Amino acid sequence: MTDAGFQRLLDRLSARASSDYYNPYTTFDWPPSLPADEFWFSPELLSVHGTQYAENLAPAQLRALSRWESVNFYSLNVHGIRELLIEVMRRVHTPGFETPSEFFHHFMGEENEHMWFFATFCLKYGGRIYPSKKLGPAAPAQDPRRENFLVFARILLFEQIVDHYNVHLAADDRLHPTIRQLNRIHHQDESRHIAFGARLVQLLWERLLAAGLDAEDRAAVSHYLADYLSASMASFYNPAAYRDTGISDGFALRGRLLNHPARRAAHERVLRKSTDFLTRIGIPLAL
Ligand SMILES: [Fe+2]
Ligand SMILES: [Fe+2]
């Protein structure tokens, strides 16, 4: 990974990470509680949006769902960040990762802080972090080049999905300022991570291709990433959040929603940046 353009991008992103650096422990106002009669999550981002199940909920129940789905969203972030930190830490300053290691320090530092503010939100306002369901299919045993590519592809796709929600939540003036601030600040840091990840994933993919990848291997990669995206979207449908909202039989609701055409169309919109990116680098997905 000695690409000159990649090095320039890393230098620029590291410089920006330094100049934009903020103390997360003093940046946020954490009011003792958030208004229970307001939306905490934009209604159009809720897992029931666009379906008859949203219409069947009383207004107060829809707002309750928005509270628990916001706790679910930040819980997903906590678990996703832990997984990506483990993978990046395993690679920093190891052979093959000399070039991005300097930026990895910014990345790991920032993600540690993101995990802290997302966990703080969950515990302070929800009294819980929803436990992690194993995200996505287990990657088959494979050579390190392929594993490196899949690890950073997963990280990028996760960050792109989260960013879709962050951008929407930060701009939604129905939401409490603390909620908007959390999402705005996370989006600012993530714009660097996503610019970095897109370049790194493309380079790792080119390396993998150069090493020789047959049609069957390419199809396996494409299937794996498609499964990862589906599993990521499915994690927004949490039976525990339905239960906390007071909806009975959340498991059945989850199943019905996951097959609902309006929800499948919503997933396509959330995933568009990711699927466009993968298509651009030569990995079309069949979702
Ligand atoms: Fe983050
Ligand atoms: Fe990130």
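Readers should treat all values here as calculations from the given coordinates under stated rules, not as data from a laboratory. Since the model is a prediction, treat every value here as computed from it, not as a measurement. Note that each Cβ is placed from the backbone with ideal geometry, even for glycine, and that neighbours are counted across all protein chains shown.
Can you list residue pairs whose Cβ atoms sit under 6 Å apart, with the first residue in the range 269-287 being over 26 Å from residue 47 (Cβ atoms) and the second being part of a helix (DSSP H, G or I)? Count only pairs 6 or more apart in sequence or on different chains.
These pairs meet every condition: 281/202; 281/205; 283/222.
Given the conditions (1) surrounded by fewer than 20 Cβ atoms within 10 Å (Cβ to Cβ); (2) within 30 Å of residue 260 (Cα to Cα), report the number of the one that residue 46 does not fulfil.
Checking residue 46 against (1) surrounded by fewer than 20 Cβ atoms within 10 Å (Cβ to Cβ); (2) within 30 Å of residue 260 (Cα to Cα), the one that fails is (1).
Hey, can you tell me all the residues within the range 176-205 that are closer than 26 Å to residue 14 by Cβ, touching a residue at least 60 places away in the same chain (Cβ under 8 Å) and either touching a Pro at 6+ places or on another chain (Cβ under 7 Å) or away from ligand 2 (no atom under 16 Å from the Cβ) (or both)? Write out each step before concluding.
Of the range 176-205, the ones closer than 26 Å to residue 14 by Cβ are 181-205.
Checking which are touching a residue at least 60 places away in the same chain (Cβ under 8 Å) leaves us with 181-182, 185-186, 188-189, 192-193, 195-196, 198-203, 205.
Answer for the range 176-205, where residues must be closer than 26 Å to residue 14 by Cβ, touching a residue at least 60 places away in the same chain (Cβ under 8 Å) and either touching a Pro at 6+ places or on another chain (Cβ under 7 Å) or away from ligand 2 (no atom under 16 Å from the Cβ) (or both): 181, 200, 202, 203, 205.
Within the range 82-134, count every residue that is away from ligand 2 (no atom under 16 Å from the Cβ) and not in a helix (DSSP H, G or I).
15
I'm trying to understand the selection: among the residues of the range 223-234, which are crowded, with 16+ Cβ neighbours inside 10 Å, more than 16 Å from ligand 1 (Cβ to nearest atom) and touching a residue at least 60 places away in the same chain (Cβ under 8 Å)?
224, 225, 226, 228, 229, 233
Taking residue 47 and the conditions (1) over 27 Å from residue 246 (Cβ atoms); (2) assigned to a loop (DSSP other than H, G, I, E, B), which numbered condition does it fall short on, given that it satisfies the others?
So the condition that residue 47 fails would be (1).
Considering every residue within the range 162-170, establish whether at least one is among the aromatic types (Phe, Trp, Tyr), over 25 Å from residue 3 (Cα atoms) and either surrounded by 14 or more Cβ atoms within 10 Å (Cβ to Cβ) or within 13 Å of ligand 2 (Cβ to nearest atom) (or both).
First, pick out the residues of the range 162-170 that are among the aromatic types (Phe, Trp, Tyr): 165.
Narrowing further to those that are over 25 Å from residue 3 (Cα atoms): 165.
Keeping just the survivors that are either surrounded by 14 or more Cβ atoms within 10 Å (Cβ to Cβ) or within 13 Å of ligand 2 (Cβ to nearest atom) (or both) gives 165.
There is at least one residue in the range 162-170 that is among the aromatic types (Phe, Trp, Tyr), over 25 Å from residue 3 (Cα atoms) and either surrounded by 14 or more Cβ atoms within 10 Å (Cβ to Cβ) or within 13 Å of ligand 2 (Cβ to nearest atom) (or both).
Condition test on residue 65, is it under 30 Å from residue 4 (Cβ atoms) and of a type in the set (A, V, I, L, M)?
Working: under 30 Å from residue 4 (Cβ atoms): no; of a type in the set (A, V, I, L, M): yes.
Here the answer is no, as residue 65 does not meet what is asked.
Of these, 184, 146, which one is of a type in the set (D, E, K, R) and surrounded by 17 or more Cβ atoms within 10 Å (Cβ to Cβ)? Before you say what the answer is, go through the steps one by one.
Numbers: 184 fails: surrounded by 17 or more Cβ atoms within 10 Å (Cβ to Cβ).
Answer to the selection: 146.
Return yes when residue 250 is touching a Lys or Arg at 6+ places or on another chain (Cβ under 8 Å) and more than 27 Å from residue 153 (Cα to Cα) and no when it is not.
Details: touching a Lys or Arg at 6+ places or on another chain (Cβ under 8 Å): yes; more than 27 Å from residue 153 (Cα to Cα): yes.
Here the answer is yes, as residue 250 does meet what is asked.
Is there any pair linking a residue in the range 157-175 that is among the hydroxyl-bearing types (Ser, Thr, Tyr) to one that is within 14 Å of ligand 2 (Cβ to nearest atom), with Cβ under 9 Å and at least six apart or on different chains, and which?
165/183
Assigned to a helix (DSSP H, G or I) and farther than 30 Å from residue 110 by Cβ: is that true of residue 217 in this structure?
Values: assigned to a helix (DSSP H, G or I): yes; farther than 30 Å from residue 110 by Cβ: yes.
In short, yes.
Tell me, yes or no, whether the range 139-152 has at least one residue that is within 13 Å of ligand 2 (Cβ to nearest atom) and touching a His at 6+ places or on another chain (Cβ under 8 Å). Working first, answer last.
Just the residues of the range 139-152 that are within 13 Å of ligand 2 (Cβ to nearest atom), to begin with: 152.
This time we only want the ones that are touching a His at 6+ places or on another chain (Cβ under 8 Å), so: none.
No, there is no match, as no residue in the range 139-152 is within 13 Å of ligand 2 (Cβ to nearest atom) and touching a His at 6+ places or on another chain (Cβ under 8 Å).
Looking only at the range 1-23, count every residue that is of a type in the set (D, E, K, R) and assigned to a helix (DSSP H, G or I) and tell me the total.
To start, the set of residues in the range 1-23 that are of a type in the set (D, E, K, R) comprises 3, 8, 11-12, 16, 20.
Among the residues that remain, those that are also assigned to a helix (DSSP H, G or I) are: 8, 11-12, 16.
Here the count works out to 4.
Kindly indicate the residue of the range 194-220 that is under 16 Å from residue 147 (Cα atoms) and touching a Leu at 6+ places or on another chain (Cβ under 7 Å) and also nearest to ligand 1 (Cβ to nearest atom) among those meeting that condition.
Step by step, filter the range 194-220, then rank; the result is 197.
Of all residues in the range 41-88, count the ones that are charged (D, E, K, R), closer than 14 Å to residue 130 by Cβ and under 18 Å from the mean Cα position of the chain (by Cα). Don't jump to the end; show me each part of the working.
Going through the range 41-88, the residues charged (D, E, K, R) turn out to be 44, 55, 63, 67, 69, 82-83, 87.
Applying the additional criterion that residues be closer than 14 Å to residue 130 by Cβ yields 67, 69, 82.
Subsequent filtering for residues that are under 18 Å from the mean Cα position of the chain (by Cα) retains 69, 82.
Counting residues in the range 41-88 that are charged (D, E, K, R), closer than 14 Å to residue 130 by Cβ and under 18 Å from the mean Cα position of the chain (by Cα) gives 2.
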